[in-house]
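Have a look at the structure below, then the notes.
We did not get these values from a lab; they are worked out from the coordinates using the rules stated. Here the structure is a predicted model, which means the values were calculated and not measured. Positions of Cβ are backbone-derived with ideal geometry, glycine not excepted, and every protein chain shown enters the neighbour counts.
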Amino acid sequence: MSMDARIVELETRQAFQDDTLQALNDVVVEQGRVIERLQLQVAELIKRYEEMVGQYGSEGEEAPPPHY
């Protein structure tokens, strides 16, 4: 294999690797956005839950069922 052919082969591999790295980076960035949205949603759900618990109060122990 000549030196020119080897250089062309290496440049081709590098181009494919660059494309792969860019595609993987795009996936990681999108996953980061999804995680951020999910964290905001979980925080909102926790806030709503805490408001509901505060609104209805926690009785410590549940009352016995009516058949007792």
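Across all C-alpha atoms in the chain, the radius of gyration and Dmax reach 28.8, 93 Å. When 62, 50 are arranged by Cβ crowding within 10 Å, least crowded first, meaning fewest neighbours, the order is 62, 50.
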